[in-house]
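Colleague: One structure, pasted below without further comment.
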Amino acid sequence: MKVGEYNELEVVKELDFGIYFREGDVEILMPTKWVPQGTKIGDTLNVFVFRDSDDRLIATTVKPFAIADTFAFLEAKQVNEIGAFMDWGMDKDLLVPFREQAQRMDAGKSYVVFVYLDEETDRLVGSTKLSRFIIREDIDVQEGDIVDLLIYSETDLGYNAIVNDLYTGLIYKNEIFEAIRVGDKMQGFVKRVREDEKIDLSLQKSGFELVDDVKWRILKLIKEENGFLALNDNSTPEEIKAKLQISKKAFKKAIGALYRERLVKLTEKGVELIDKK
């Protein structure tokens, strides 16, 4: 059994106020309010295990916004002399002690937080000192991999993102064609892992996959606009970005592919669909 994570546990006892699971010599209570209807002794449930304010092990079917050893974007509900208390989807808020705050947190604001199990208390706590929990060597992703991203800061170069809840990577501003902000979760692509083991990221596929993806997006837009798209080689990067959320380079490659496949013809005013049916 792992505290702060999901566990498959068997029901061993049923009482008026809830049910109990057992793992070895340890019993874990699930209060009645969380017990699924029809649950009986012998059933196995997938439950989240944590410690309550009385230090009891509690199981719940409620899914928190984050489990142990993961990052999440959470709102500070209140701040007092102990620290900040974050809304993480549970009855009892998650504490980020002052010693774990990269900067003093304010109630009502949201922050990217790393959730971990405190070894002294065996309770889940949070930290905004993210660099302590990011793996920076033996990077186990490679060019072209699809990865899960959580945007955690903005720099002059672009946006830093947590990669697969393990690493950090950078999305360059000149390669972003959609509005993003700190706290956004999305999928992206590994452009490359550099020799210094820093990861360059992209929100778009690369190479032929990107051309193919953009090509069908352009075709769909041309059809929606009655067979004509008022963009061409003379259009500015800003005009193309506003219309398609892609770079001019990607646009030209995709239009070239459509032209070679004889799906469109190029005019001085834009791109026209050959077969409007």
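The values are calculated or read from the model by the stated rules, or taken from the named source; none is laboratory data. This is a predicted model, so every value here is computed, not measured. When we count neighbours, we look across all protein chains shown, and the Cβ atoms used for this are built from the backbone with ideal geometry, even at glycine.
Colleague: Restricting to strands (runs of 3 or more DSSP E) lying wholly in the range 155-263: which have 1 or more residues that are exposed (fewer than 15 other Cβ atoms within 10 Å of the Cβ) and of a type in the set (Phe, Trp, Tyr)?
Modeller: The qualifying strands (runs of 3 or more DSSP E) are 167-172.
Colleague: If I filter the range 145-153 for residues that are free of Cβ contacts under 8 Å to residues at least 60 places away in the same chain, touching a strand residue (DSSP E or B) at 6+ places or on another chain (Cβ under 6 Å), part of a loop (DSSP other than H, G, I, E, B) and closer than 30 Å to GLU238 by Cα, do I get at least one hit?
Modeller: Among the residues of the range 145-153, at least one is free of Cβ contacts under 8 Å to residues at least 60 places away in the same chain, touching a strand residue (DSSP E or B) at 6+ places or on another chain (Cβ under 6 Å), part of a loop (DSSP other than H, G, I, E, B) and closer than 30 Å to GLU238 by Cα, which makes the answer yes.
Colleague: Filter the range 27-45 for residues that are surrounded by 10 or more Cβ atoms within 10 Å (Cβ to Cβ) and out of contact with any Lys or Arg (no Cβ under 9 Å at 6 or more places or on another chain) and give the result.
Modeller: Filtering the range 27-45 down to residues surrounded by 10 or more Cβ atoms within 10 Å (Cβ to Cβ) leaves 27-36, 39, 41, 43-45.
Passing the criteria: MET30, PRO31, THR32, LYS33, TRP34, VAL35, PRO36, THR39, ASP43, THR44, LEU45.
Colleague: Can you give me the number of residues within the range 264-277 that are farther than 30 Å from LYS173 by Cβ and either surrounded by 11 or more Cβ atoms within 10 Å (Cβ to Cβ) or of a type in the set (Val, Ile, Thr) (or both)? Outline the logic, then answer.
Modeller: We begin by selecting, within the range 264-277, every residue farther than 30 Å from LYS173 by Cβ; these are 264-269, 272-277.
Still in the running and either surrounded by 11 or more Cβ atoms within 10 Å (Cβ to Cβ) or of a type in the set (Val, Ile, Thr) (or both): 264-267, 269, 272-274.
Total satisfying the criteria: 8.
Colleague: Working carefully through the options ASP118, ASP25, ASP87, ASP91, find the one that is among the charged types (D, E, K, R) and within 22 Å of GLU8 (Cβ to Cβ).
Modeller: Numbers: ASP118 fails: within 22 Å of GLU8 (Cβ to Cβ); ASP87 fails: within 22 Å of GLU8 (Cβ to Cβ); ASP91 fails: within 22 Å of GLU8 (Cβ to Cβ).
Testing whether each residue is among the charged types (D, E, K, R) and within 22 Å of GLU8 (Cβ to Cβ) leaves just ASP25.
Colleague: Now for a separate question. With the checklist (1) outside any strand (DSSP E or B); (2) modelled with pLDDT of 95 or more; (3) more than 18 Å from the chain's Cα centre (by Cα) in hand, flag the one item GLU137 doesn't pass.
Modeller: (2)
Colleague: Also: Which condition number in (1) of a type in the set (Asp, Glu); (2) within 15 Å of PHE73 (Cα to Cα); (3) in contact (Cβ under 8 Å) with a residue 40 or more places away in the chain is the one that GLU137 fails?
Modeller: (2)
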